[in-house]
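For reference, the structure discussed in these notes is given below.
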Amino acid sequence: LTILQEISAQLQRGNARAVRELVQQAIDAGVPVECILNDGLLGGMSVVGERFKRTEIFVPEVLVAARAMNQGAALLKPLLASSDVKSCGKVCIGTVRGDLHDIGKNLVKMMMEGKGLEVVDLGTDVEPETYVRAAVEQDCRIICCSALLTTTMSVMAEVVAKVRQAGIHDRVKVMIGGAPVTETFCAQIGADRYTPDATTAADAAVEICRTLAE
Ligand code: B1M
């Protein structure tokens, strides 16, 4: 097994200690951070997702895998966050009301911080009003919504509506993402941007902040 395959395998077993040790070994060996994240950690998590879907494993197993994923990702965070990059804008992020999935949201946050954005983390189960209040009070350029359930995606439409009602849409944009979310859905609800993964989300956010600053 390569080190990345080992990280994936240990993550699937929920062995957080082994995942941490292997991630550190990979970093020390000079394996690119993106490969450790995508091929090691996310690779393992997607196998976990498939097995959960086929009901071969259940919520507790998924939770221990998620904990191992978060611990491995925490080691990568300082390497992704480039301290010499000047803040290029402030955004807020959260998982929408009724939804407790936060692994993807945390990754998006990590990538955004790595690109020099200041990120206000609203956590999970976030009410539409809470995003709007945070954006106004903390002067954020973008509201970032994550949803993993088909039943909670619709809350994103409420967020868009609240932003328009508050009359702040000229200066606050809404970005959306998460496994069930699509470009078509984004257009349907009138959100400003959909991206499929954390890296493209961070790039899009930087671009939006730059455009708004012009
Ligand atoms: Co849940 N769960 N879960 N779960 N869970 C899914 C989402 C599910 C697809 C599994 C399945 O059945 N196949 C299914 C949803 C089905 C549906 O809606 N159609 C499901 C279900 C049903 C449930 C429960 C209802 C199960 C139950 O209790 N019976 C329950 C709901 C709880 C709730 O939220 N109210 C539940 C609970 C849980 C756990 C608590 C056990 C755990 C969450 C732990 C945690 O997050 N702290 C969990 C997990 C881990 C999953 C799976 C296995 C993995 C999700 C994940 O973290 N993926 C998932 C199956 C799967 O997706 N294959 C599943 C890794 C993560 C990095 O990917 O979040 O997609 P993701 O993020 C990506 C992109 O989507 C994107 O970037 C990220 C990285 O590139 N992205 C954005 C995310 N947000 C973005 C925002 C952006 C841009 C991009 O812009 C702002």
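The values are calculated or read from the model by the stated rules, or taken from the named source; none is laboratory data. Here the structure is a predicted model, which is why all the values come from computation and not from measurement. Because the Cβ atoms are built from the backbone with ideal geometry, glycine has one as well, and the counts that use them run over all protein chains shown. Heavy atoms of the whole protein, side chains included, go into the accessibility calculation; ligands, DNA and RNA do not. Shrake-Rupley method; radii C 1.70, N 1.55, O 1.52, S 1.80 Å.
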Please go through region 126-163 and give me each residue that is open to solvent by 50 Å² or more (accessible area, probe 1.4 Å) and more than 15 Å from Met175 (Cα to Cα), ordered by number. Glu127, Glu129, Arg133, Val136, Glu137, Gln138, Asp139, Leu149, Thr150, Thr151
Any chance Tyr131 is touching a residue at least 24 places away in the same chain (Cβ under 8 Å), under 19 Å from the mean Cα position of the chain (by Cα) and over 16 Å from Ile103 (Cα atoms): yes
Take region 164-186 and flag every residue that is of a type in the set (A, V, I, L, M, F, W, C) and under 30 Å from Glu34 (Cα atoms). Val172, Val174, Met175, Ile176, Ala179, Val181, Phe185, Cys186
Matching residues, region 182-207, being more than 7 Å from the ligand (Cβ to nearest atom), open to solvent by less than 40 Å² (accessible area, probe 1.4 Å) and modelled with pLDDT of 95 or more: Phe185, Cys186, Ile189, Gly190, Ala191, Ala204, Ala205
Quick check, is Leu117 in contact with a strand residue (DSSP E or B) (Cβ under 7 Å, 6 or more places away or on another chain), over 19 Å from Val159 (Cα atoms) and in contact (Cβ under 8 Å) with a residue 24 or more places away in the chain? yes
On the given criteria, is Phe58 loosely packed, with under 15 Cβ neighbours inside 10 Å and either over 20 Å from Ala204 (Cβ atoms) or among the aliphatic types (A, V, I, L, M) (or both)? yes
Name the single residue, out of those in region 30-42 being more than 8 Å from the ligand (Cβ to nearest atom) and crowded, with 18+ Cβ neighbours inside 10 Å, that is farthest from His101 (Cα to Cα). Val31
Selected residue [within 12 Å of the ligand (Cβ to nearest atom), under 22 Å from Leu42 (Cα atoms) and surrounded by fewer than 19 Cβ atoms within 10 Å (Cβ to Cβ)] from Gly104, Gly123: Gly123
Sort through Ala66, Ala26 and tell me the only one that's assigned to a helix (DSSP H, G or I), open to solvent by less than 30 Å² (accessible area, probe 1.4 Å) and near the ligand (Cβ under 9 Å from one of its atoms). Ala66
Identify, by number, the condition in (1) within 15 Å of the ligand (Cβ to nearest atom); (2) of a type in the set (A, V, I, L, M); (3) touching a Pro at 6+ places or on another chain (Cβ under 9 Å); (4) open to solvent by 20 Å² or more (accessible area, probe 1.4 Å) that Val96 doesn't meet. (4)
In region 53-61, is there at least one residue being farther than 19 Å from Lys105 by Cβ and aromatic (Phe, Trp, Tyr)? yes
Among the residues in region 147-158, are any more than 11 Å from Val96 (Cβ to Cβ) and acidic (Asp, Glu)? no
State which residue pairs qualify: first residue closer than 13 Å to Leu37 by Cα and inside region 51-73, second residue more than 8 Å from the ligand (Cβ to nearest atom) and not in a helix (DSSP H, G or I) in any location, beta carbons under 8 Å apart, and separation of 6 or more residues or different chains. Ala68/Gly14; Ala68/Asn15
Taking Gly177 as the residue in question, decide whether it is under 14 Å from the mean Cα position of the chain (by Cα), touching a residue at least 12 places away in the same chain (Cβ under 8 Å), within 8 Å of the ligand (Cβ to nearest atom) and surrounded by fewer than 22 Cβ atoms within 10 Å (Cβ to Cβ). no
